Amino acid sequence: MTTKIIIIDDHQLFREGVKRILEFEKSFQVVAEGNDGTEALTLVEEYRPDVVIMDINMPQMNGVEATRKLVEKYPKTKVIILSIHDDENYVAHALQTGAMGYLLKEMDADALIEAVRVVADGGSYLHPKVTHNLVKEYRKLAAGVSRSGSYLPATEIRRPLHLLTRRECEVLQMLTDGKSNRGIGEALYISEKTVKNHVSNILQKMNVNDRTQAVVSAIKNGWVEVR
């Protein structure tokens with residue numbers, strides 16, 4: 001099946017770069033492009049895309065406000081936010097409005113393609129750097145902070161060897177560290193294709209839909225370190 005995509009960004013050169021990357025995938029079709037949130041609403045009404053890739057900072061109507069309106073009116077259309085901000089407050093705000101993905105503009109081509117695939121299939125996708133920041137904030141809230149501001153002693157890490165192989169445990173830890181598939185491959189001296197296979201096995205064995213859910217679940221179970 002073809003995934004229909006609309007790109008909304010007020011910078012034409014960036015938009016063209018994103019379109020060029022997406023068009024390498026035979027199953028992706030960029031059906032329209034727009035400059036701001038107001039135009040996004042009109043284009044979604046006309047084309048009814050599967051995925052909208054939306055810049056967060058735009059004139060007329062910003063990406064967060066446009067996402068809120070899109071999700072309310074067209075719940076079947078999934079939104080991926082593009083941003084230069086990796087602060088957890090930006091991410092939380094975007095996700096609260098209904099976005100299913102959050103990518104930083106420093107993303108590589110593989111991350112963009114993977115994000116569209118995951119979100120189109122009903123999952124969620126966060127840029128690895130964003131995931132790591134959220135993970136640290138989650139751990140901070142979960143563990144508690146002493147009056148002096150230092151973290152309480154961390155609990156003992158219990159690797160899930162009953163569920164995952166040792167290599168899969170290593171990959172899961174690196175997902176928590178915020179590494180991309182390419183970064184994991186370079187660290188472990190394996191190909192990106194092998195990394196993707198490990199990630200797929202991890203998701204299946206942990207019974208989760210995407211890597212973000214895997215990381216959150218791993219932290220709750222004490223299977224990984226938050227560094």
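The values are calculated or read from the model by the stated rules, or taken from the named source; none is laboratory data. The model shown is predicted, which means the values in this text are computed figures rather than measured ones. Reconstructed Cβ throughout: ideal geometry from the backbone, glycine too, with neighbour counts over all protein chains shown. Accessible surface areas use protein heavy atoms only, side chains included; no ligands, DNA or RNA. Shrake-Rupley method; radii C 1.70, N 1.55, O 1.52, S 1.80 Å.
Summary table
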| item | result |
| --- | --- |
| Selection count, the stretch 53-85, where residues are open to solvent by 40 Å² or more (accessible area, probe 1.4 Å), outside any loop (DSSP other than H, G, I, E, B) and touching a helix residue (DSSP H, G or I) at 6+ places or on another chain (Cβ under 7 Å) | 3 |
| Restricting the stretch 181-191 to residues that are at pLDDT 90 or above and part of a helix (DSSP H, G or I), the residue that is most open to solvent (accessible area, probe 1.4 Å) | E186 |
| Qualifying residues in the stretch 119-132 (those that are more than 9 Å from the chain's Cα centre (by Cα) and not charged (D, E, K, R)) - the one least open to solvent (accessible area, probe 1.4 Å) | G123 |
| The lone exception for G34 - which of (1) over 30 Å from R182 (Cα atoms); (2) open to solvent by 20 Å² or more (accessible area, probe 1.4 Å) it fails | (2) |
| Residues satisfying the stated conditions in the stretch 1-27, i.e. in contact (Cβ under 8 Å) with a residue 60 or more places away in the chain and farther than 17 Å from G101 by Cα | F14, I21, F24, E25 |
| Single match in A109, A92 (criterion: in contact with a helix residue (DSSP H, G or I) (Cβ under 6 Å, 6 or more places away or on another chain) and open to solvent by 20 Å² or more (accessible area, probe 1.4 Å)) | A109 |
| Qualifying residue in the stretch 22-43 (condition: within 25 Å of R211 (Cβ to Cβ) and assigned to a helix (DSSP H, G or I)) | yes |
| For G178: the one exception among (1) in a helix (DSSP H, G or I); (2) surrounded by 20 or more Cβ atoms within 10 Å (Cβ to Cβ) | (1) |
| Residues of the stretch 86-126 that turn out to be farther than 19 Å from Q29 by Cβ and not in a loop (DSSP other than H, G, I, E, B), as a count | 16 |
| Pair list, Cβ < 8 Å and 6+ apart or interchain, from the stretch 207-222 residues that are under 19 Å from H162 (Cβ atoms) and open to solvent by less than 30 Å² (accessible area, probe 1.4 Å) to residues that are modelled with pLDDT of 80 or more and among the small types (G, A, S) | V208/A214; V208/S217 |
| Test for D50: is it touching a Gly at 6+ places or on another chain (Cβ under 9 Å) and either under 24 Å from D110 (Cβ atoms) or crowded, with 20+ Cβ neighbours inside 10 Å (or both) | no |
